[in-house]
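Got a structure for you, questions after.
The values are calculated or read from the model by the stated rules, or taken from the named source; none is laboratory data. The structure displayed is predicted, hence computed values, not measured ones. When we count neighbours, we look across all protein chains shown, and the Cβ atoms used for this are built from the backbone with ideal geometry, even at glycine. Remember, those area values only see protein heavy atoms, side chains included, never the ligands or the DNA or RNA. Shrake-Rupley method; radii C 1.70, N 1.55, O 1.52, S 1.80 Å.
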Amino acid sequence: MSSEQSMPLINKTLSLDKLLRYASPAQLSELADIITDSGKGRVALTENSKKNILAHQRRRALHIISADLAREICAFGGNTVVNAFRSTSQPSYLAVATDVAKKMGVKVPKNASVCDIEELIIKQILTTSFKGKSKEEIEALFNAHNCKFDNQQLEQLLKKGKTADLVSWLYSTCGPYTLSRLVNSAMVPALNVAAKAGIPLIGKAIAIRAPAMMNPIAAVISAAWVTYDLTGPAFRITLPAVIRIACIRQAYIRQETDKFCQELKKCL
């Protein structure tokens, strides 16, 4: 009997630099904007690194420097309070995602994979966002993403008031790909409001101005930004980056799953 373990059909835990090679130019451009502060630069980012990223961004060739993008994201993660007590070496992306999750109050299970942690972060954001939301608001949000579910089941879960159970049900019904896209779609308007208001006022600004300034999806997700203390400079970068990366990973998993299903159909 062979002692070799069977390999998974789809590698859900690709290293960050390898995963980014599968990202679209638009997805990589979003990450580049986070890293470079939309070209303005950051204190922890060298001028040469900024110029290199922006040059490849203009040519829509960021996939060529996917390793550099991954390295910069992990370097920003090394500036978090938790990482300050580690060695001076750059943390792995798994460590960065774990720090973000813990910052947001997520209980990370021992030996959780990077994909598991990203999904827990998405679930935590949605759980916070859906608190106090009506059935109509949640239905409108999911209708915008063409996701259908049992409206009666939704109503029953809302009546019980257990938002975490509601999110778990939505995850199993709509799938992680749809929910990661839902959260990802709220990032740009949420970050724009924060930038206009000034980072120290991020919570109050979004809470007061979100309904007027953001689209319906961002208005729902914006509740999460009020809950978490995002005034630390590292988390202002790593949190949106991890959310973007979670969406890229789910898109990759979906693409590979579709390919496998197509190949399987040819054999029938």
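Work out from phi, with θ = phi - 60° and the Karplus expression 6.51 cos²θ - 1.76 cosθ + 1.60, the ³J(HN,Hα) of each residue of the stretch 49-54, listed in order in whole Hz, and give x for Gly and Pro.
Per residue, the Karplus-derived 3J(HN,Hα) values read 5, 4, 4, 5, 5, 5 Hz.
Right, another one. Going by accessible area, probe 1.4 Å, with all protein chains left in place, what is the ranking of Arg58, Arg249, Arg254, largest first? Kindly include the intermediate steps, with their values, before the conclusion.
Values: Arg58 180, Arg249 0, Arg254 115 Å².
Of Arg58, Arg249, Arg254, the descending order of accessible area is Arg58, Arg254, Arg249.
Let me ask you something else. Starting at the first residue of the stretch 102-107, write each ³J(HN,Hα) from the Karplus equation 6.51 cos²θ - 1.76 cosθ + 1.60 with θ = phi - 60°, in whole Hz, x for Gly and Pro.
With coefficients 6.51, -1.76 and 1.60, one gets 5, 4, 8, x, 7, 8 Hz.
Here's another thing I want to ask about it. Aspartates and glutamates within cross-link reach of Lys40: Cα-Cα under 20 Å, excluding same-chain residues under 8 positions apart?
Partners within reach: Glu30, Asp68, Glu72.
Write down the accessible area per residue of the stretch 14-80 in Å², having rolled a 1.4 Å probe over the full set of protein chains.
Numbers: 3310 Å² over 67 residues.
On a per-residue basis, the stretch 14-80 sits at 49 Å².
Same structure, new question: Accessible surface of Leu120 in the full protein assembly, 1.4 angstrom probe, to the nearest 10 Å²?
That residue has around 50 Å² of solvent-accessible surface.
Which order do His63, His145 take by accessible area at a 1.4 Å probe, largest first? Each step should come with its number before you reach the end.
Numbers: His63 95, His145 30 Å².
Largest accessible area first, the list is His63, His145.
Another one. Quick check: net charge around Ala55, other residues with Cβ under 14 Å of its Cβ, Lys/Arg +1 and Asp/Glu -1? Don't jump to the answer; show the numbers that get you there.
Values: positive: Lys50, Lys51, Arg58, Arg59, Arg60; negative: Glu47, Asp68.
Computed value for this residue: +3.
List, in order, the whole-Hz ³J(HN,Hα) value for each residue of the stretch 118-126 obtained from phi through the Karplus relation with A = 6.51, B = -1.76, C = 1.60 and θ = phi - 60°; use x for Gly and Pro.
Rounded to whole hertz, the list is 4, 5, 5, 5, 4, 4, 5, 4, 5.
Quick one: ranking Ser113, Ser66 by accessible area, 1.4 Å probe, largest first, what do you get?
Result, largest first: Ser113, Ser66.
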